[in-house]
Amino acid sequence: MHQLFKLLKIVNITICIAVISMNAFAEWQGDLQYKPPKENLEAREWFQDAKFGLFVHWGIYSILARQEWVMNNEKIPVQEYEKLAPQFNPVKFDPDEWCRMVKDAGMHYITITSKHHDGFAIFDSEVSDYDIVDRTPYGRDVLKMLADACERHGLKLYFYHSQLDWHHPDYFPRGRTGNYDSGRPEYGDWVKYLDYMNGQIKELCTNYGKIGGIWFDGMWDKPETDWYLATTYRLIHDLQPQAMIGSNHHRAPFKGEDFQMFEKGLPGKDPYNKEGTVSALPLETCETMNDHWGYHKDDKNFKSVRELIHYLVKAAGNNANFLLNVGPKPDGTIQPEFKERLAEMGKWLRINGEAIYGTRGGPVPPQEWGISTQKNGIIYIHVLDISDNVIAIPDIKRVNEMTLLDGTRVEYEKTKSGITITLPEKGRDQYDTIIVVK
Ligand code: H79
């Protein structure tokens, strides 16, 4: 009897271990059971139609004005870095003004850092006191203020959330970054960290109305670690089925993700993504307006309006959204160089937006001179750079007419290998001459 009992116990333990490790394996791969519901599929369509959003990197690092990686780059101990919080007082933060700027730029959504790698939350968190309400003289939840403003202005709000954390003691074992003597103990409980992270995710999915989604970053810091993705992804989708999950892990998307993003490169050209996979999910590429994400006072290397418009157009031609970044100052204002560029893009979009919004990548694959988009049976050929007046495209079926956006007729000729188009002298756009093919 005793022997039998012992045997049963061993069998039981073996089964338990097998089940646990199978679950852990599944968890690692994301939410394998996930089937996006109707509201999520609709949100994906909305997202792809929206095309253009504002990325915001804002936190207590803004005070030092040397970008969001300053804590790691300058090896600042946790205790020292924490002293920034009592200096964070963005009295000039005006969420309505931000929203007006965003809409005027022709953008439809905002993605803002709720917590970056430094671990400081710019929202009111109950699972931590390392946040804007508990630690700063400002004492207000800027995400709530922004969420309310977005609601008023008809903008969608997404939260960037860093899975990587240079501050939390339980972010252990540590990853590729934050590995200096930060004053944190050399031990920690990984599961406790994940509970903490999920606690904040739950808050973000509960206290800010309907959100657009969660934009994760930092998983690349510990690529071999089990992040129990299924738990986190299920939590979000259960609370907000329409919320779109994306993760900047620079790999092919995991199950449970609703969009795929690329950093500083068009789809497949993300310099950090060695695989180069472009999935069938909605796509987004993000880029800085100068050379940093978080506010950097000495960075004057601003991209021109031409470069920024070209990036937006190329993103659209590659079937992707463009998430363009600003790093606000610690007082809550946005520097004039950013605002001017956004305003110029908005001006251009008010005239040419028809060939961007609501489109998908067109049938003419990206060329040296430009890209194509399409919508409702109309093809838009975007000519960004040409050395002469003629471009050649592969044959597209059923061409009845070609014009510029203003109706000016465009001459074209069918050839053996496709169609040659002669651009008119008048009516060209200084950034992007758009040919409407009906
Ligand atoms: O939030 C912004 C940046 O702070 C963050 N993502 C954008 C959206 C960012 N984190 N890292 N980087 C940008 C680039 C640095 C990547 C590296 Fe690595 C981290 C180089 C080495 C460690 C990831 C892991 C890429 C290669 C290995």
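The values are calculated or read from the model by the stated rules, or taken from the named source; none is laboratory data. Fair warning: this is a prediction, and the values are worked out from it, not measured in the lab. Backbone-built Cβ (ideal geometry, glycine too); neighbour counts: all protein chains shown. Surface accessibility is based on the protein's heavy atoms, side chains included, excluding ligands, DNA and RNA. Shrake-Rupley method; radii C 1.70, N 1.55, O 1.52, S 1.80 Å.
Within straight-line reach of Lys397, meaning a Cα separation under 20 Å, sit the following lysines at least 8 residues removed in sequence or on another chain: Lys375, Lys414, Lys416, Lys438.
Summing charges over neighbours of Leu41, with a neighbour being any other residue whose Cβ is under 12 Å away from its Cβ, gives -1 when K and R count +1 and D and E count -1. Of the solvent-accessible surface of region 156-244, computed with a 1.4 Å probe and all protein chains present, 53% belongs to carbon and sulfur. Within the straight-line cut-off of under 13 Å between alpha carbons, the aspartates and glutamates reachable from Lys303 are Glu287, Asp291, Glu337, Glu340, Glu344, sequence neighbours fewer than 8 places apart in one chain being disregarded. Counted over all Cα-Cα pairs of region 314-430, pairs farther apart than 21 Å make up 46 percent. Output the pairs from Lys156/Lys314; Lys83/Lys103; Lys347/Lys426; Lys202/Lys297; Lys156/Lys274 with a Cα-Cα distance over 26 Å in this structure; if there are none, say none. Going by Cα-Cα distance, Lys83/Lys103; Lys202/Lys297; Lys156/Lys274 fall outside the 26 Å limit. Per-residue packing, averaged as other Cβ atoms within 10 Å, sorts the ranges 132-143, 387-398, 158-169 into the order 158-169, 132-143, 387-398, beginning with the highest.
Give, in nm to one decimal, the length gained when the segment between Asp238 and Val127 is fully stretched (0.36 nm per residue of separation minus the Cα-Cα distance).
Taking Asp238 through Val127 to full extension adds about 38.0 nm, to one decimal.
For region 292-359, give the percent of accessible area contributed by carbon and sulfur heavy atoms, probe 1.4 Å, rounded to a whole number. About 52 percent, which is the carbon plus sulfur part of the accessible surface. A full extension of the chain between Thr408 and Phe172 corresponds to an added length of 78.6 nm, given 0.36 nm per residue minus the alpha carbon distance. For region 129-207, the square roots of the Cα gyration tensor eigenvalues, ordered a ≥ b ≥ c, give a/c of at least 1.5 with a/b greater than b/c, which places it in the prolate category. With semi-axes defined as the square roots of five times the eigenvalues of the C-alpha gyration tensor, the equivalent ellipsoid of region 73-211 measures 29, 16, 14 Å, largest first. Only Cα pairs under 8 Å and 6+ residues apart enter the sum, and on that basis the relative contact order of the chain stands at 17 percent. Helix 142-153 and the longest principal axis of the C-alpha atoms of the chain enclose an angle of approximately 30°.
A cut-off under 11 angstrom between Cβ atoms defines the neighbours of Ile76, and their net charge, with Lys, Arg +1 and Asp, Glu -1, is -2.
For the chain, taking the reciprocal of the average inverse distance between every pair of different Cα atoms yields a Kirkwood hydrodynamic radius of 23.5 Å.
When peptides 173-181, 194-202 are ranked by their average number of other Cβ atoms within 10 Å per residue, the highest-first order is 194-202, 173-181.
Gain on full extension, evaluated as 0.36 nm per residue between Trp46 and Thr206 minus their Cα-Cα distance, stands at 55.4 nm.
Normalised per residue, the accessible area of region 340-394 is 45 Å², obtained with a 1.4 Å probe and no contribution from ligands, DNA or RNA. Under the simplified labelling scheme, the Arg350-Glu224 pair shows an inter-label distance of 5.6 nm, with each label point 7 Å from Cα along Cα→Cβ. Note on Glu337 and Asp298: their simple-model spin labels are 1.3 nm apart, each label 7 Å out from Cα toward Cβ. Per-peptide packing, taken as the mean over residues of other Cβ atoms within 10 Å, places 341-349, 362-370 in the sequence 341-349, 362-370 from highest down.
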